[in-house]
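Following: one structure in structure tokens, then a few remarks.
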Amino acid sequence: MASSAKEEILARIRGARVPAAAPVVRGYHREGSGGVELFAERVADYRAVVRTVTDVPEALKSLRGKRIVAPSDVPDEWLVDGVTWLREPLSIEELDGSDGVLTGCAVAIADTGTIVLDGGVAQGRRALTLLPDHHVCVVRADQIAASVPDAANPPEPTRPLTFVSGPSATSDIELNRVEGVHGPRTLEVLIVT
Amino acid sequence: MARNPVTWLGSPTFPQAAHKALADTQLRQNLRKATGTIRGRRAAAVGEMTDWEQLRVAGEQIKDDVLSRLDTLLVRLEESVTARGGVVHWARDAEEANRIVLGLCREENATEVVKVKSMATAEIGLNEALEAGGVHAVETDLAELIVQLGDDRPSHILVPAIHRNRSEIREIFRRRMGVEVSDEPADLAEAARVYLRQKFLTTKVAISGANFAVADTGSIVVLESEGNGRMCLTLPDTLITVMGIEKLVPTWQDLEVFLQLLPRSSTAERMNPYTSVWTGVTPGDGPQKFHLVLIDNGRTATLADSVGRQALRCIRCSACLNVCPVYERTGGQSYGSVYPGPIGAILTPQLVGDMHDPQAASLPFASSLCGACFEVCPVRIDIPSVLTHLRAEAVEAKGRTAESVAMAAAAWMFASASRYEKAQKAGSLARFLARDGRITSLPWPGSKWTSSRDVPAPPSESFRAWWRKNRG
């Protein structure tokens, strides 16, 4: 059955005789000039918390007294004292019951204030950055790409990717934006310079 | 052949439905407020891009390239998805797609599934088909949930509950969730969060649509805002994605164009809060079973129309709805389809594929041809030209008359903006023929028209000119 549907659809497409298209002209900007400052400004526009820091462990002292999820491969120095660190394996209930999650990122985009997670170093699987209500993301200045085309070519597009631009939000009521729905309601970005 | 559920059974023709909708002052007020808000925000989001026109051209060309070698790219996509542990299914029409999805739900013994907002599944009437088969589909997008709980129909591509204001939403939530909640949008969002949380954490099967699929890598892309998409795409054991065959892009690099065009055109943001990309199955992360259902449902017939096929470039941003003076006044439900507004007026009748269907045939006439839709379209679909082309087809289907000859001439004229504006200028000259603002006799071939009716004198300034000055 399935293969006959496939053959029929492909035959219909060929029967439509669409002429060859002109080559794609990529006249848009491939590079931008934005860096740390623009990234910080654009992330803040989404009503995320943005802090530019030089000392990550010092900055993470704000998490003291909380139960925070940390992927298995975060740098040891991030695991500051006074925080209850929750480590894998973690169940959905444990993730849901945590106070927050601390991760790094794969790349960030200045133009749009976006962080990209690819499940690589210090990021963990996708559920880790989804269920906790507070996401603290550490972004090194050298991870910030200027524009979407700059950042849209990760080394392995087949990894599960999540582009995060601000806390969860909705525009579904009268087309006005409101922050805080199902994803983390607080996004805190620490830019390390 | 089964009826295409892209139009709702029993819907009146557009003029009849619009006549009724125009009397609903609450509806008009809600729509004016919402579309006015988003128009201003979109203009700002697009205005800060100095290369917007180049991005639009690239978007148009990438999609045209896809349409010109759709067969090869679909086969390539199937290979890529299969190589990464996914299973690809093909469906000729809505009925076949619904049967496939219901079968997959039954394989997993699911009686309830969570859904990410998806136009493709709305188009094929999947929820109703699942319900009939004993599977309850829970919509998780806020606006989609409002429509579902209100036993209502969608009226907008991006925000299906755009016709509801905050106090109406509050009433629906009070009645169906049994919660006391204020009409503050933040409180309403919180109510939805609480209502859906347990479902996200416990439901084993999710159903999604797709904004894009990359043929080369097999990667599927979903853009969303609330995190309901991430919940559905990450937590369940099984993910079923239903996608129109035209949603492809050839390579990963092509996404850099659409990730810039779509958010600014739809929610008027630099980037939507969450974009998820997945490729088949990733061990240890997300659903371990992935099914991709590719649907035709009228798309290949649309592809065969050299003028109309450009509708398949559509990325469902809904910018054309938000700028349309007709949509703003009649609302989306008047179009009798999940695809309302200017894009619906050209896409729906083509998917239905039968101009003898009076409701579908009435849709290309749901426009003043002002051209605002074309100007905002991120993939440059020339909606006015397709509208006039389809009008000619609709008239043709009624039989060859003086009207059909006039429509064919109109289609030729509208096919080019400059021809149209020249004709409008010529039309303005016709004011000299008018007495009391009516023209009672036009020279041939217009005499065929005025022999049985008067024509209002063309205004001194065309609507297009007025719109450009006041709203553009």
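The values are calculated or read from the model by the stated rules, or taken from the named source; none is laboratory data. Please read all numbers here as calculations on a predicted model, not as lab measurements. Don't worry about glycine lacking a Cβ; one is built from the backbone with ideal geometry, like all the others, and counts go over all protein chains shown. Note: areas computed on protein heavy atoms with side chains; ligands, DNA, RNA excluded. Shrake-Rupley method; radii C 1.70, N 1.55, O 1.52, S 1.80 Å.
Would you point out the residue of region A:23-59, among those that are among the charged types (D, E, K, R), more than 8 Å from chain B (Cβ to nearest Cβ) and in a loop (DSSP other than H, G, I, E, B), that is most open to solvent (accessible area, probe 1.4 Å)? Walk me through it before giving the result.
So in region A:23-59, the residues among the charged types (D, E, K, R) come out as A:26, A:30-31, A:37, A:41-42, A:45, A:47, A:51, A:55, A:58.
So of that shortlist, the ones also more than 8 Å from chain B (Cβ to nearest Cβ) come out as A:30-31, A:37, A:41, A:47, A:51, A:55, A:58.
Now narrow it down to the ones that are in a loop (DSSP other than H, G, I, E, B): A:30-31, A:47, A:55.
Working: A:Arg30: 87, A:Glu31: 143, A:Arg47: 163, A:Asp55: 74 Å².
Residue satisfying both the conditions and the ranking: A:Arg47.
Mind listing just one residue for me: the one in region B:262-288 that is touching a residue at least 60 places away in the same chain (Cβ under 8 Å), in a loop (DSSP other than H, G, I, E, B) and of a type in the set (A, V, I, L, M, F, W, C) and, of those, nearest to the other protein chains (Cβ to nearest Cβ)?
Per the criteria, the residue is B:Ala268.
Out of A:Ala11, A:Ala20, I need the residue that is free of Cβ contacts under 8 Å to residues at least 60 places away in the same chain, in contact with a helix residue (DSSP H, G or I) (Cβ under 8 Å, 6 or more places away or on another chain) and at the interface with chain B (Cβ under 10 Å from one of its Cβ atoms). Which one? Outline the logic, then answer.
Details: A:Ala11 fails: in contact with a helix residue (DSSP H, G or I) (Cβ under 8 Å, 6 or more places away or on another chain).
That would be A:Ala20, the only listed residue that is free of Cβ contacts under 8 Å to residues at least 60 places away in the same chain, in contact with a helix residue (DSSP H, G or I) (Cβ under 8 Å, 6 or more places away or on another chain) and at the interface with chain B (Cβ under 10 Å from one of its Cβ atoms).
Can you name every residue in region A:57-74 that is of a type outside the set (Ser, Thr, Tyr) and under 19 Å from the mean Cα position of the chain (by Cα)? Let's see the steps before the verdict.
Let us first name the residues in region A:57-74 that are of a type outside the set (Ser, Thr, Tyr), namely A:57-61, A:63-71, A:73-74.
Selection gives A:Ile68, A:Val69, A:Ala70, A:Pro71, A:Asp73, A:Val74.
Answer yes or no: is there a residue in region B:91-102 that is touching a Lys or Arg at 6+ places or on another chain (Cβ under 7 Å) and open to solvent by less than 40 Å² (accessible area, probe 1.4 Å).
At the first step, the residues of region B:91-102 found to be touching a Lys or Arg at 6+ places or on another chain (Cβ under 7 Å) are none.
Scanning region B:91-102, I find no residue that is touching a Lys or Arg at 6+ places or on another chain (Cβ under 7 Å) and open to solvent by less than 40 Å² (accessible area, probe 1.4 Å), so the answer is no.
Just give me the residues in region A:168-186 being buried (at least 20 other Cβ atoms within 10 Å of the Cβ), at negative phi and facing chain B (nearest Cβ under 7 Å), in sequence order.
Hits for region A:168-186 are A:Ser168, A:Ala169, A:Thr170, A:Ser171, A:Asp172, A:Ile173, A:Val178, A:Val181, A:His182, A:Gly183.
Looking at the structure I just gave you, is B:Gln61 within 12 Å of chain A (Cβ to nearest Cβ), under 26 Å from B:Gly353 (Cα atoms), open to solvent by 30 Å² or more (accessible area, probe 1.4 Å) and in a helix (DSSP H, G or I)? Lay out the reasoning, then the answer.
Working: within 12 Å of chain A (Cβ to nearest Cβ): yes; under 26 Å from B:Gly353 (Cα atoms): yes; open to solvent by 30 Å² or more (accessible area, probe 1.4 Å): yes; in a helix (DSSP H, G or I): yes.
Judged against the criteria, B:Gln61 is a match.
Which members of region B:151-192 meet the condition of being out of contact with any helix residue (DSSP H, G or I) (no Cβ under 7 Å at 6 or more places or on another chain) and under 20 Å from A:Ser168 (Cα atoms)?
Correct list: B:Glu184, B:Ala186, B:Asp187, B:Glu190.
Of the conditions (1) more than 7 Å from chain B (Cβ to nearest Cβ); (2) hydrophobic (A, V, I, L, M, F, W, C); (3) in contact with a helix residue (DSSP H, G or I) (Cβ under 9 Å, 6 or more places away or on another chain), A:Val121 satisfies every one except a single condition; which number is it?
The one condition A:Val121 does not meet is (3).
Checking B:Ala122 against (1) of a type in the set (A, V, I, L, M); (2) in contact with a strand residue (DSSP E or B) (Cβ under 8 Å, 6 or more places away or on another chain); (3) more than 13 Å from chain A (Cβ to nearest Cβ): exactly one of these is not met. Which one?
With (1) of a type in the set (A, V, I, L, M); (2) in contact with a strand residue (DSSP E or B) (Cβ under 8 Å, 6 or more places away or on another chain); (3) more than 13 Å from chain A (Cβ to nearest Cβ) applied to B:Ala122, the lone miss is (2).
Tell me yes or no: at least one residue of region A:68-86 is more than 30 Å from B:Leu73 (Cβ to Cβ), within 14 Å of another protein chain (Cβ to nearest Cβ) and open to solvent by 60 Å² or more (accessible area, probe 1.4 Å).
Applying the first criterion (more than 30 Å from B:Leu73 (Cβ to Cβ)) to region A:68-86 yields A:68-86.
With within 14 Å of another protein chain (Cβ to nearest Cβ) added as a condition, the list becomes A:71-73.
Next, only the ones that are open to solvent by 60 Å² or more (accessible area, probe 1.4 Å) stay: A:72-73.
Checking region A:68-86: at least one residue is more than 30 Å from B:Leu73 (Cβ to Cβ), within 14 Å of another protein chain (Cβ to nearest Cβ) and open to solvent by 60 Å² or more (accessible area, probe 1.4 Å).
Counting residues that are over 14 Å from the mean Cα position of the chain (by Cα), which helices (runs of 4 or more DSSP H) fully inside region B:327-412 reach at least 2?
B:358-362, B:372-376, B:383-397
Is it true that A:Pro157 is more than 7 Å from every other protein chain (Cβ to nearest Cβ) and part of a loop (DSSP other than H, G, I, E, B)?
Values: more than 7 Å from every other protein chain (Cβ to nearest Cβ): no; part of a loop (DSSP other than H, G, I, E, B): yes.
Judged against the criteria, A:Pro157 is not a match.
Kindly indicate which of B:Pro236, B:Pro283, B:Pro263 is closer than 30 Å to A:Ile9 by Cβ and not hydroxyl-bearing (Ser, Thr, Tyr).
Values: B:Pro283 fails: closer than 30 Å to A:Ile9 by Cβ; B:Pro263 fails: closer than 30 Å to A:Ile9 by Cβ.
Just one listed residue meets the conditions, B:Pro236.
Does B:Leu158 satisfy the condition of being in a loop (DSSP other than H, G, I, E, B), out of contact with any His (no Cβ under 9 Å at 6 or more places or on another chain) and more than 16 Å from B:Trp8 (Cβ to Cβ)? Reasoning before the result, please.
Values: in a loop (DSSP other than H, G, I, E, B): yes; out of contact with any His (no Cβ under 9 Å at 6 or more places or on another chain): yes; more than 16 Å from B:Trp8 (Cβ to Cβ): yes.
Taking the combined requirement at face value, the residue satisfies it.
Determine whether B:Leu259 is surrounded by fewer than 24 Cβ atoms within 10 Å (Cβ to Cβ), within 7 Å of chain A (Cβ to nearest Cβ) and either outside any loop (DSSP other than H, G, I, E, B) or without any contact (Cβ under 8 Å) to a residue 24 or more places away in the chain (or both). It would help to see each step written out before you state the result.
Values: surrounded by fewer than 24 Cβ atoms within 10 Å (Cβ to Cβ): no; within 7 Å of chain A (Cβ to nearest Cβ): yes; either outside any loop (DSSP other than H, G, I, E, B) or without any contact (Cβ under 8 Å) to a residue 24 or more places away in the chain (or both): yes.
Here the answer is no, as B:Leu259 does not meet what is asked.
Are any residues in region B:146-177 modelled with pLDDT of 95 or more, open to solvent by less than 60 Å² (accessible area, probe 1.4 Å) and in contact with a Leu (Cβ under 7 Å, 6 or more places away or on another chain), and if so, which ones?
B:His156, B:Ile157, B:Ile169, B:Ile172, B:Phe173 - these are the residues of region B:146-177 that are modelled with pLDDT of 95 or more, open to solvent by less than 60 Å² (accessible area, probe 1.4 Å) and in contact with a Leu (Cβ under 7 Å, 6 or more places away or on another chain).
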